[in-house]
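Read the structure below first, then the notes.
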Amino acid sequence: MSPFVTWLFSIMAAIMLFLHGLAAFSAEITTLGGAKLRDWLQRVTQKDWQGACFGACATALVQSSSAITAMAVGLAHNKTLSARGALSVMIGANVGTTLTAWLIAFKVTGLGPFFVTIGGLWSLAGPMAWRPYGKPLFYFGIIFLALDLISQALAPLAHHPNIQEYQQAVNSPIFALLFAAFLTAMVQSSSVVSGLAVLAVLQQIIPASLAVWMIAGANVGTTSTALLASSALDSFSRKLALLNIGFNFLGVLLFATLLQPAIHLILTSDVSASQQVALVHTVFNLAAASVALIILPLIWPRLLRWLQGA
């Protein structure tokens, strides 16, 4: 097997490890939360900002905005959650997913082996009643162990003789946005794409100015999960997923226009390039969520009529 094929499969294997670890971690947290999580969800989504805060916190905990948006659509379909409550949760979910970028930017991915070891031992040899709580720790460690592997696999690219030519060929914000949106839709995880963007900056493969457009593209691509989840449900659920897409596109429009002066200021600041990307990611999603929450009460009567229509 050639070195290139070996390297390619190493990258893919690390990404698969990340995705499966993310899915398993999300499933374990959701299972442990159970009915209590759903009951609490109903209470905290009575107000838009509370629903958005819950969406942000739940996404930061589960490390998957895709899982939270899909759950919100499903709960709205089952009448467990109101349409407005589900939408507020989805608005906040994008904010919670910024945690991944910060963890990578501050290089805390080395904690992966620690959590894998502690979680694995806990789930196998801990007190019987507490063993289920070891599995989330184990899968949380798998997530960051996979990020370590991705970082190590990307490192040789920084010294590749053709890397400068490659950078010039793809040094386009629109290309970065579309590529990230497509990749996110394919892997069904904005966390892995935003994580790859920050890792690529850490390895000096792409500049921070290009990575931030990948972050914006990941926000667009992640809407595909809610759309897929709603495809097997009723018209109401599909329209709710379309509203989520609309708000995310509004966020990207905000990113490309009004937020550009602030983004330029961040990209010229003294902090490291990876932290610049994480900060842009946070500012972008906070601004988009704030604007969405401001305009939601103003347009909700029309949106509700549209949602309830045939």
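The values are calculated or read from the model by the stated rules, or taken from the named source; none is laboratory data. No experiment lies behind these values; they were computed from the predicted model shown. What goes into the accessible areas is simple: the full protein's heavy atoms, side chains included, and nothing from ligands, DNA or RNA. Shrake-Rupley method; radii C 1.70, N 1.55, O 1.52, S 1.80 Å.
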(request) Ratio to report: Rg/Rh of the range 243-284, with Cα atoms as the point set and Rh obtained by the Kirkwood method; give two decimals. (result) 1.06
(request) Divide by every residue of the chain the summed helix terms, -39500 (n - 2.57) for each DSSP H run of at least 4, and state the resulting mean residue ellipticity at 222 nm, rounded to the nearest 500 deg cm²/dmol. (result) -27000 deg cm²/dmol
(request) Could you tell me whether the range 216-259 comes out rounded, prolate or oblate from its Cα gyration tensor? Rule is a ≥ b ≥ c as square roots of the eigenvalues, rounded for a/c under 1.5, then prolate if a/b exceeds b/c, otherwise oblate. (result) oblate
(message) At q = 0.17, 0.24, 0.26 Å⁻¹, what log₁₀ I(q)/I(0) does the range 249-310 have when each alpha carbon counts as one equal point scatterer in the Debye sum?
(response) -0.65, -0.96, -1.05
(message) How large a share of the accessible area of the chain, in percent, is made up of carbon and sulfur atoms when the probe is 1.4 Å and the other protein chains stay in place?
(response) 70 percent
(request) Would you please give the residues with an amide H less than 5 Å from that of ILE206, counting only those at least 5 places away or on a separate chain, with H modeled from the backbone geometry? (result) VAL201
(message) How much accessible area per residue does the chain have, counting only protein heavy atoms and a probe of 1.4 Å, in square angstrom?
(response) 47 Å²
(message) Please report the accessible area of TRP102 (heavy atoms, 1.4 Å probe, ligands and nucleic acids excluded) in Å², nearest 10.
(response) 70 Å²
(request) Could you tell me the convex hull volume per residue, in Å³, taken over the Cα atoms of the chain? (result) 143 Å³
